[in-house]
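First comes the structure, then the notes that go with it.
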Amino acid sequence: MACSKLFLSCLLLQLTSLFLVPEVAHGLGLKVGFYEKACPNAEAIVKEVMAQVLSEAPGLSGPLLRMHFHDCFIRGCEGSVLLNSPTNNAEKNAIPNHSLRGFQTIDRVKTALEKACPGIVSCADILALVARDMVVATGGLSYDVETGRRDGNVSIMTEALTGLIPPTANITALKAGWAQRGLSVKDLVVLSGGHTIGTSHCSSFNNRLYNFTGKGDSDPSLDSHYIARLKLRCKPNDQTTLVEMDPGSVRTFDIKYFDLLPKRRGLLTSDSALLDDSETKAYLDLQIKTGGSTFFKDFGVSMLNMGRIGVITGTAGEVRKVCSKVN
Ligand code: HEM
């Protein structure tokens with residue numbers, strides 16, 4: 001820009017843009033308190049609805065924390081996991097998403113927000129805020145959520161089918177999947193700590209009990225007493241039974257999940273795999289030794305990192321009126 005005329009205002013404009021660029025570059029257009037002016041009570045409304053929901057159905061804390069993860073890992077955090085497809089071809093129709101629950105809760109939050117501030121708060125942001133509220137409601141530490149995401153309008157079943165990392169993943173596949181999304185090995189081990197709450201279907205780990213190498217054997221890296229106990233709950237081919245991921249404290253956000261891993265009681269292969277890398281193992285050891293000295297705070301930091309994946313901001317995308325369909 002040539003600044004010959006109106007020199008002072010021109011210079012100011014250039015200086016402003018100098019300051020704006022890095023903010024956009026680092027924060028990808030997200031910021032804490034994005035709705036402060038347009039919908040000042042947005043976060044309080046989410047929290048209030050979620051408190052009501054959990055008083056009616058406390059078991060939804062796990063599924064709703066997981067939903068933000070499944071949203072972010074496919075096409076970024078832009079609400080594509082919430083979309084319905086008339087031909088059953090959307091992300092939510094993919095097998096790994098069949099076990100997601102709580103879509104109606106997100107609709108309930110959205111209805112409350114639309115009543116207070118129509119067309120302002122995106123469904124992608126609702127997922128991020130709800131995830132934080134689930135952490136807090138189960139005893140984790142609160143963290144500031146960056147908001148300002150817009151909603152996408154594409155959701156493809158095969159992308160979720162191939163893109164969501166399976167529970168059978170080994171450490172190499174896990175690290176690759178996280179790196180591909182700009183997340184670190186530390187983010188991997190910290191966010192796997194999300195398995196401190198919630199349940200899993202037997203079908204997500206039954207191979208470890210009954211058919212680990214195709215010869216009717218069980219996974220030698222799983223504790224044999226634990227296997228025996230799990231077999232009482234899960235019969236071969238069981239598709240419906242739910243098992244606690246962190247037995248004894250399934251609704252408490254604590255470090256027991258990490259305690260279980262070196263005892264060879266991580267439920268999923270992807271949980272046990274955290275013992276197979278020196279960095280993830282060192283993190284586990286530290287948290288166990290120090291009673292989770294940094295885990296609770298780290299979790300909020302890593303959630304922010306995950307919440308930045310592939311976001312749509314500014315004027316791109318849209319703010320859906322109803323989370324299950326595009327406007
Ligand atoms: C490291 C890669 C991950 C894999 C392979 C994985 C896989 C799974 C699987 C298979 C289940 C059980 C689903 C079922 O059978 O019902 C599950 C449950 C869960 N996951 Fe993950 N997960 C991963 C990372 C994460 C992350 C990053 C979070 C959140 C920060 C998370 C949060 C949860 C929660 C809360 C549940 C319990 C859901 C419920 O109660 O219905 N997971 N995960």
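Of everything listed in (1) at positive phi; (2) surrounded by 14 or more Cβ atoms within 10 Å (Cβ to Cβ); (3) not β-branched (Val, Ile, Thr), the single unmet condition for Tyr210 is (1).
This table checks each residue for (1) exposed (fewer than 12 other Cβ atoms within 10 Å of the Cβ); (2) at pLDDT below 50; (3) assigned by TED's automatic domain parsing to the domain that holds Val250.
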| position | (1), (2), (3) |
| --- | --- |
| Cys3 | no, yes, no |
| Leu8 | yes, yes, no |
| Ser17 | yes, yes, no |
| Glu36 | no, no, no |
| Pro40 | no, no, no |
| Ile45 | no, no, no |
| Leu60 | no, no, no |
| Leu65 | no, no, no |
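Of the set (1) part of a helix (DSSP H, G or I); (2) under 19 Å from the mean Cα position of the chain (by Cα), all apply to Ala44 but (2).
Which one of these is buried (at least 18 other Cβ atoms within 10 Å of the Cβ) and closer than 21 Å to Asp71 by Cβ: Val322, Val311, Val326? Reasoning before the result, please.
Working: Val322 fails: buried (at least 18 other Cβ atoms within 10 Å of the Cβ); Val326 fails: buried (at least 18 other Cβ atoms within 10 Å of the Cβ).
Criteria check complete, one pass: Val311.
Residue-by-condition table, conditions (1) within 14 Å of the ligand (Cβ to nearest atom); (2) aromatic (Phe, Trp, Tyr); (3) surrounded by fewer than 21 Cβ atoms within 10 Å (Cβ to Cβ); (4) more than 21 Å from Leu141 (Cα to Cα):
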| site | (1), (2), (3), (4) |
| --- | --- |
| Ile227 | no, no, yes, yes |
| Lys235 | no, no, yes, yes |
| Gly248 | no, no, yes, no |
| Gly266 | yes, no, no, yes |
| Lys281 | no, no, yes, yes |
| Thr315 | no, no, yes, yes |
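Name the pairs whose Cβ atoms lie under 7 Å apart, with the first residue in the range 238-250 and in the same structural domain as Arg264 (by TED's automatic domain parsing), the second surrounded by fewer than 15 Cβ atoms within 10 Å (Cβ to Cβ), and 6 or more positions between them or separate chains? Correct list of pairs: Thr241/Arg233; Val243/Arg233. Here Val135 qualifies as aliphatic (A, V, I, L, M), assigned by TED's automatic domain parsing to the domain that holds Glu48 and farther than 16 Å from Cys323 by Cα.
Contact annotation: residue pairs with Cβ atoms under 6 Å, 6 or more positions apart or on different chains, pairing a residue in the range 301-327 that is more than 11 Å from Cys77 (Cα to Cα) with a partner that is at pLDDT below 95 and away from the ligand (no atom under 16 Å from the Cβ), are Gly314/Gly29. Just one of (1) touching a residue at least 40 places away in the same chain (Cβ under 8 Å); (2) under 19 Å from Gly194 (Cβ atoms); (3) out of contact with any Pro (no Cβ under 7 Å at 6 or more places or on another chain); (4) among the charged types (D, E, K, R) fails for Lys281. It is (1). Is at least one residue of the range 61-70 assigned to a helix (DSSP H, G or I) and charged (D, E, K, R)? Scanning the range 61-70, I find at least one residue that is assigned to a helix (DSSP H, G or I) and charged (D, E, K, R), so the answer is yes. Give me the residue from the range 192-218 that is part of a loop (DSSP other than H, G, I, E, B) and within 15 Å of the ligand (Cβ to nearest atom) and, out of that set, farthest from Ser61 (Cα to Cα). The residue in question is Phe205.
Tell me, yes or no, whether the range 122-145 has at least one residue that is over 23 Å from Asp187 (Cβ atoms) and open to solvent by 10 Å² or more (accessible area, probe 1.4 Å). No, the range 122-145 contains no residue that is over 23 Å from Asp187 (Cβ atoms) and open to solvent by 10 Å² or more (accessible area, probe 1.4 Å). Listed conditions (1) in contact (Cβ under 8 Å) with a residue 24 or more places away in the chain; (2) not in a loop (DSSP other than H, G, I, E, B) are all met by Ser221, apart from (2). If you filter the range 148-172 down to residues that are within 17 Å of the chain's Cα centre (by Cα) and within 16 Å of the ligand (Cβ to nearest atom), you find that the one that is most open to solvent (accessible area, probe 1.4 Å) is Leu161.
Given the criterion of a type outside the set (Asp, Glu) and more than 22 Å from Arg181 (Cβ to Cβ), identify the matching residue among Thr280, Thr290.
Thr290 is the lone residue from the list that is of a type outside the set (Asp, Glu) and more than 22 Å from Arg181 (Cβ to Cβ).
With respect to Leu286, is the statement that it is touching a strand residue (DSSP E or B) at 6+ places or on another chain (Cβ under 7 Å) and over 27 Å from Leu30 (Cβ atoms) true? For Leu286, the condition - touching a strand residue (DSSP E or B) at 6+ places or on another chain (Cβ under 7 Å) and over 27 Å from Leu30 (Cβ atoms) - is not met.
The values are calculated or read from the model by the stated rules, or taken from the named source; none is laboratory data. Treat the numbers as computed from the prediction; the structure is a model and nothing was measured. Cβ: placed from backbone, ideal geometry, glycine included. Neighbour counts: every protein chain shown. Heavy atoms of the whole protein, side chains included, go into the accessibility calculation; ligands, DNA and RNA do not. Shrake-Rupley method; radii C 1.70, N 1.55, O 1.52, S 1.80 Å.
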